[in-house]
Amino acid sequence: MRQSPLFWQKQQTGWQSLLLSPLAWGVKFIAAGKERQRSFKAPVPVLCCGNITTGGTGKTTVVIDLAVRLKNKNITPHILLRGYGGKLKGPVQVDLTRHTAEDVGDEALLLAAVSPTWIGGNRALSARAAVARGAQCLIMDDGFQNFTLHKDFSLLIIDGAAGLGNGQVLPAGPLRESPQRALSRASAIMIIGEDKTGFLSRYAGSFPPEKIIQAGLQTCFADSIALRDKNCIAFAGIGRPGKFFDSLAKAGILLVKTISFADHHFYKTSELERLQALASEHQAQLVTTPKDYARLPEFFRSVVSVTDVELVWQDDAVPEKILHTLMPETGL
């Protein structure tokens, strides 16, 4: 099970980061070079929901929330993402009747259930294909460092529990680019959850206060009442499994065991057999995330309860303002 180095999350720069700093300068140089490449300007508005850290920050949940809001206003958004973990290169429109997580990645399947979704590393090519299929707006799930497509609004999403770690760029830290460069480029900065690392004070000089948006995640279960009467075993192969386990405990779920896998992990038969054996041993219900559920084989899904996560905006007027900024001509 791959985990990020512990020194990435320390607030001070340690000797490990200093040792790796020459490589980090190389990553910064490459990231800065990408900014200078020519971008395709789509004929429809483009909203990017991205981050600058490795691991999950809640981007997909934000994308789903905004896509649903647009659809409720009779506007058809198409969602673009790389399709991490899938074997298809794209641009390919995700088809839930024939594509699997091994084809397009787990996130693409979740998003395609909400709105038309395309996978592909070159967002410009995906954008052209989506517009040809009737997209009225494009939402990028990730791609803050992808400059093949011009962005009309860039929402930089930060996990309040993790912040920006030690503030260093890969491999000296968890960042994909210089934080100051990214923060200045963002149209708005969204913090999900409580700011436990002091991000707001640490980077206060890098952005105006009005750029800050705050929100939280709410864990929901279709069968939450039944789960509260049972022992549960939670497993997850996501960016920060501990965050998922904590959310279950806060929801009143009794966890007798938690099991972490690597991000976007595809489960082997032996691992599924072990999970089922543990459930029998503890007389427990297996619980996992929607992304993990998308990667499970069909035969195993019937023995697993899946969570649902909803975004809770601190100010519900904020997403409406974002959409109005993005598409003022529609009267949103």
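The values are calculated or read from the model by the stated rules, or taken from the named source; none is laboratory data. These figures come from a predicted structure and were not determined experimentally. Counting neighbours? That spans all protein chains shown, and the Cβs are built from the backbone with ideal geometry, glycine included. The accessibility values were calculated without ligands, DNA or RNA, using every heavy atom of the protein model including side chains. Shrake-Rupley method; radii C 1.70, N 1.55, O 1.52, S 1.80 Å.
Summary of computed values
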| quantity | calculated |
| --- | --- |
| Of residues in the range 25-47 being modelled with pLDDT of 85 or more and out of contact with any Asp or Glu (no Cβ under 8 Å at 6 or more places or on another chain), the one farthest from Ile213 (Cα to Cα) | Gly26 |
| Options Ser260, Ser270: the member that is of a type in the set (Ser, Thr, Tyr), loosely packed, with under 15 Cβ neighbours inside 10 Å and at pLDDT 95 or above | Ser270 |
| In the range 305-325, the residues that are more than 17 Å from the chain's Cα centre (by Cα), modelled with pLDDT of 95 or more and not in a helix (DSSP H, G or I) | Gln314, Asp315 |
| Residue match in the range 89-100 (condition: closer than 30 Å to Val312 by Cβ and free of Cβ contacts under 8 Å to residues at least 24 places away in the same chain) | yes |
| Among (1) open to solvent by 80 Å² or more (accessible area, probe 1.4 Å); (2) farther than 21 Å from Asp246 by Cβ; (3) in contact (Cβ under 8 Å) with a residue 12 or more places away in the chain, the one test that Asp316 misses | (3) |
| Of all residues in the range 51-83 being more than 10 Å from the chain's Cα centre (by Cα) and on the phi > 0 side of the Ramachandran plot, the one that is surrounded by the fewest Cβ atoms within 10 Å (Cβ to Cβ) | Asn74 |
| Meets criteria (of a type in the set (Phe, Trp, Tyr), over 22 Å from Cys48 (Cα atoms) and either part of a strand (DSSP E or B) or open to solvent by less than 30 Å² (accessible area, probe 1.4 Å) (or both)) for Phe300 | yes |
